[in-house]
Structure formats: C-alpha cells, structure tokens
C-alpha cells in the first residue's frame, strides 16, 4: 500500500491523497485519506500489513479491510486513470 497525491479532473476532491491498493492503466483504487482521521488511516495500514502477504486477490484484501475497519468504507474510492494527472 502506497500513498499517492495527484490532481484529479473530476469530482469535488481535486487533490486526493490516496492509500493505493490497486493501480493499472485504467483504474486506481484505494482509500482517500482526506475523508479519514489519522487514527483510521493507521488502522487501515495496520490491517493491510496483517493481510498483505496472504495469497488472496487484491479485491478480497480490500473487502477484508472494509469489513475489519467499517468506518473506512466512506473513504474507499476508484479513480479513472484518464482523469488522473501528476502520478
């Protein structure tokens, strides 16, 4: 999980800071830290570190984190890479 800050040309949050769980040429998925407290960010990172070496798909790991840290559901986002600038 890495943290990326970039310019996004769509939506209300033009400069999201995202804990990235998945990134390819079409989509970037992760937790927008602008919508979480520092404590919630820490919990998400701790849970990710617990499960990052499991032989599960990335989407399964994301679902596990969303179940273990329910407040992070509000911050989970998917961004279209065609509108992302500055990564």
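Summary of values
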read-out: Lone unmet requirement of (1) within 15 Å of residue 87 (Cβ to Cβ); (2) modelled with pLDDT under 90 for residue 11; value: (1)
read-out: Residues of segment 60-82 satisfying the condition of being under 12 Å from the mean Cα position of the chain (by Cα), surrounded by fewer than 17 Cβ atoms within 10 Å (Cβ to Cβ) and either touching a residue at least 12 places away in the same chain (Cβ under 8 Å) or at positive phi (or both); value: 74, 78
read-out: Some residue of segment 19-35 being outside any strand (DSSP E or B), surrounded by 18 or more Cβ atoms within 10 Å (Cβ to Cβ), within 11 Å of the chain's Cα centre (by Cα) and modelled with pLDDT of 90 or more; value: yes
read-out: Failed item in (1) in a loop (DSSP other than H, G, I, E, B); (2) modelled with pLDDT of 90 or more; (3) touching a helix residue (DSSP H, G or I) at 6+ places or on another chain (Cβ under 9 Å), with residue 55 passing the rest; value: (3)
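The values are calculated or read from the model by the stated rules, or taken from the named source; none is laboratory data. The structure presented is a predicted model; accordingly, all values stated were derived computationally and were not measured. When we count neighbours, we look across all protein chains shown, and the Cβ atoms used for this are built from the backbone with ideal geometry, even at glycine.
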